[in-house]
Amino acid sequence: MDIVYVIDILGTFAFAISGALVASKKEFDLFGVIILAFVTAVGGGMLRDILIDAHPINWIGDLNYIYTILSAVVFTFLFKSKIAPLRKTFFLFDTIGISVFTLLGLQKGLTFNLPAIVAIIMGMVSAVFGGVIRDVLSREVPLIFKKEIYASACLSGGLIYLLLRQTPINDNLNFIISAIVIIVIRTVSVVYKLELPKIKDNVFSNK
């Protein structure tokens, strides 16, 4: 089995858990938990495929995505008492998810012969818009619009991936390195409370 496909399934599992955790916190019923896990896991990839006219849509062409999401929901219910109280759990699964889906979306954009900058944007769409849909449905301000460095980490990792493609480095290793870059940027930004400038009263501010 292709290692990238395995990583894709693991990323789907991670994102589905993050969605299920949010739904559980909001006290959604079982159907609501499944829906939120589903849109978190495949919403970004589905939007990407619609934008680039890729058919079949990611999860429609492979039932393993649905099985993975359902497994993640079951996993969340079974181990909720152990993972839900951990503040770092949601962050961990969300960060793994965005790192994986950024690069998978970028790769798919390249296979459709999109310009590099557009392919990077498609990677970001894959990574963050499932979370945007999740947050909207759970009546939260989407994380991408908050002060934390989120989408910027995805763009940085995508750029590293494109740069390393110009070297003799193995593509799988490139994938791993670029994913680690995204995880590190995201983690460091949260630990040290780094953020992008905000516009306040028409003036850029870091406060």
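The values are calculated or read from the model by the stated rules, or taken from the named source; none is laboratory data. What you see is a predicted model; the values in this text were computed from it and never measured. Methodologically, a virtual Cβ is constructed for each residue, glycine included, from the backbone with ideal geometry; neighbour enumeration extends over all protein chains shown. Protein only, heavy atoms only, side chains kept; ligands, DNA and RNA dropped before computing areas. Shrake-Rupley method; radii C 1.70, N 1.55, O 1.52, S 1.80 Å.
Points worth noting:
- Electrostatic dipole magnitude of the chain [Cβ: Lys, Arg +1; Asp, Glu -1; Cα centre; debye, to 20]: 800 debye
- Peptides 72-78, 140-146, 96-102, 157-163, ordered by how many other C-beta atoms sit within 10 Å of their residues on average, highest first, read 96-102, 157-163, 72-78, 140-146.
- Full-extension gain in nm, Ser81 to Val4, via 0.36 nm per residue minus C-alpha separation: 24.6 nm
- Among Phe31, Asn64, Ser126 the positive-end extreme of the charge dipole of segment 6-139 (Cβ point charges): Phe31
- If you plug the beta carbon distance of Leu163 and Asn113 into 1/(1 + (r/R0)^6) with R0 = 22 Å, you get a FRET efficiency near 0.70.
- The alpha-carbon of Lys146 sits under 18 angstrom from the alpha-carbons of these aspartates and glutamates, leaving out residues fewer than 8 places away in its chain: Asp94, Asp135, Glu195, Asp201.
- Accessible area of segment 1-120 belonging to carbon and sulfur atoms, whole % at 1.4 Å probe: 71 percent
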